[in-house]
1. With r defined as the distance between the Cβ atoms of ARG12 and GLU238 and R0 fixed at 35 Å, what FRET efficiency is calculated, to the nearest 0.05?
2. In whole Å, what is the distance between the alpha-carbon centres of region 223-241 and region 162-201?
3. Suppose the chain between LYS21 and ASN179 were pulled fully straight at 0.36 nm per residue; how much longer would it get relative to their current alpha carbon spacing?
4. Take the Cα coordinates of the chain, assign each an equal point scatterer, and use the Debye formula without solvent to give log10 I(q)/I(0) at q = 0.12 Å⁻¹.
5. When DSSP assigns beta bridges and you keep just the ones with both residues in the chain, what percent turn out antiparallel, to the nearest 5?
6. What distance in nm lies between label points placed 7 Å from Cα along the C-beta direction at GLN117 and ASP83?
7. With respect to the cross-link table entries LYS21/LYS130; LYS44/LYS247; LYS222/LYS247; LYS130/LYS222; LYS44/LYS249; LYS44/LYS251, which display a Cα-Cα separation exceeding 21 Å?
8. For the chain, set up a GNM with springs between Cα atoms under 10 Å and report which of LEU198, LEU50, LEU131 has the largest fluctuation.
Amino acid sequence: MDVPEEQASLYREVLTVLEEKRVPYAVSGAFALRHHTGICRFTKDLDVFLTAENAPRALSYLNQRGFHCEVCDPVWLAKAHRDGFFVDLITGMSNGVIVVDNSWIQRAHPAVVHEVQTRVLAPEELVASKLFVAMRERFDGADIAHVIYGTHGSFDWNREMELVGEHWQMLLWSLVLFNYVYPARSRYVPSGVWQELLQRFQRALERSDSSLRFRGSLVDEKMFAIDVNEWRLDNILEETRSLRLSKIKRKMRA
């Protein structure tokens, strides 16, 4: 993956600092995608996944090394800048429903990124991190399909089901796209996974519960803004983000 040497040097420094200070983390983004699929994509930043508890430590160490650090969104994102380049420190998804915990780091795969021996997200966590990236401006459904295809049937579906939890419809949506794109590779998704997800979907349709809440804002708060602002449907995004922020604050005080 060719990037300017100045940018690559900054990435090496960030990763080296985290390694030296023993901050648990895993690299995601284009580097993890390349590891699991072979797809090379130029990237303007480096995505580092870590828990919310470890993010302040990482920022402190990077600040000591001359990086300008800022918490852009306490629910999920901080940045470390220098010389026009930056690194994203990510603790979950912006909607607050997918959260990085220690298991994400423990399951990461060994890899070399810009000459640093490090780790990248396992394919299951990489897919989970992309499930809600389904906006008008950016859609990661193709990346999900490529990861499933690139793992050639070795994907841990039990782990994926554990990660998505109650948001299993988002996984089913992604798998329907995968099956459409790669019909000759449908076996990469075991029949038991299809059966489980489709049975859940059928049961959900049969219930047809009018009390179930609107969830569009979890997918894209801009495209579904009219539902919240004009049609007065639930703003569940605000609730999930508030709940996530409260949990983070409690853990930081403990």
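Readers should treat all values here as calculations from the given coordinates under stated rules, not as data from a laboratory. Because the structure is a prediction, the values reported are computed rather than measured. Note: ideal-geometry Cβ built from the backbone for every residue, glycine included; neighbour counts use all protein chains shown.
1. Values: r = 39 Å, r/R0 = 1.12.
In this case the efficiency is close to 0.35.
2. 27
3. Details: separation 158, 0.36 × 158 = 56.88 nm, distance 4.33 nm.
So the extension gain works out to 52.5 nm.
4. -0.77
5. Numbers: 20 of 26 bridges.
Taking every DSSP beta bridge with both residues in the chain, the antiparallel ones total about 75 percent.
6. Here the answer is 2.6 nm between the modelled labels.
7. Details: LYS21/LYS130 29 Å; LYS44/LYS247 31 Å; LYS222/LYS247 25 Å; LYS130/LYS222 18 Å; LYS44/LYS249 31 Å; LYS44/LYS251 32 Å.
Table pairs above 21 Å Cα-Cα are LYS21/LYS130; LYS44/LYS247; LYS222/LYS247; LYS44/LYS249; LYS44/LYS251.
8. Residue with maximal mean-square fluctuation among LEU198, LEU50, LEU131: LEU198.
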